[in-house]
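The values are calculated or read from the model by the stated rules, or taken from the named source; none is laboratory data. In this text the structure is predicted, and so the values were computed from the model without any measurement. Because the Cβ atoms are built from the backbone with ideal geometry, glycine has one as well, and the counts that use them run over all protein chains shown.
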Ligand code: ITT
C-alpha cells in the first residue's frame with residue numbers, strides 16, 4: 001500500500017496526520033486528485049460523516065482513501081456541538097464565534113468536562129474500516145495559546161494545565177483524538 005488519498009479539505013488535519021504516517025506512504029489530499037467540490041457531510045453521527053466522505057471519494061474518484069470526522073462533545077451540553085462542531089455558530093464556520101458560543105453556553109455551569117472524538121474511515125478496494133480516538137479534557141474559561149487550529153485554544157486535555165493551542169504539534173499528537181485514531185490506522189496498514 002503506497003498511495004492513499006486523505007479525503008479532507010482541511011490542511012491542518014493533513015499536517016497533523018502526516019507527522020504520524022510512515023514516510024513510505026504517499027498521502028495525497030483532495031486537491032491533488034482534482035476534487036475541489038464540497039464533499040457531502042450530512043450524517044447525524046461522526047462515524048457516519050467519516051464514512052460518507054470516504055465513500056464519496058472512493059466511488060467518484062476510484063481511489064483507496066481515508067477520511068476523518070471530528071467532533072467536540074461537551075458533557076454539560078448533552079454532547080453538543082458533536083456533529084455540528086464546524087458549524088456550531090453558523091454556516092460561516094468561524095472558529096472564534098464557535099469558541100465564544102461554547103464558552104457562553106457553559107456560563108454558570110460547574111461541569112466543564114468535554115471530549116474530542118475523531119473517527120477515521122478507511123476504504124481499501126471497497127472494504128470499509130473505522131478507527132476511533134478520544135481525548136478527554138475541559139473547556140477553558142477563555143482562549144489560551146495560538147498553536148493548533150479550531151477549538152484548540154479552549155480545550156485543556158485531562159492531566160494538563162495548558163490548552164492544545166499551547167502545545168507543540170508533537171505534544172498534541174501524543175495525546176490527541178486524531179493522534180490516537182491515526183496511530184490505529186497506521187497499525188492496521190502495517191498488517192496489510
Ligand atoms: P473535512 O474536509 O475533513 O471535513 P473540516 O474542517 O470540515 O474538514 P470537520 O467536519 O471534521 O472538519 O469539522 C470539525 C470541526 O472541529 C471544525 O470546526 C474543526 O475546526 C474542529 N476540529 C477538528 N479537529 C480539531 C482539533 O484537533 N482541535 C481543535 N478543533 C478541531
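Do we have residue 131 as under 22 Å from residue 19 (Cβ atoms), near the ligand (Cβ under 8 Å from one of its atoms) and either modelled with pLDDT of 95 or more or within 13 Å of the chain's Cα centre (by Cα) (or both) here? Answer is no for this residue. Among the residues of the stretch 57-82, those that are buried (at least 20 other Cβ atoms within 10 Å of the Cβ) and closer than 30 Å to residue 33 by Cα comprise 57, 58, 65, 66, 67, 68, 69, 70, 71, 72.
Scanning the stretch 119-140 for residues that are without any contact (Cβ under 8 Å) to a residue 60 or more places away in the chain, in contact with a helix residue (DSSP H, G or I) (Cβ under 7 Å, 6 or more places away or on another chain) and within 20 Å of residue 109 (Cβ to Cβ) yields a single hit, 140. Selection of helices (runs of 4 or more DSSP H) fully inside the stretch 1-112 by the criterion of at least 2 residues being farther than 26 Å from residue 171 by Cβ and away from the ligand (no atom under 14 Å from the Cβ) returns 46-61, 95-105.
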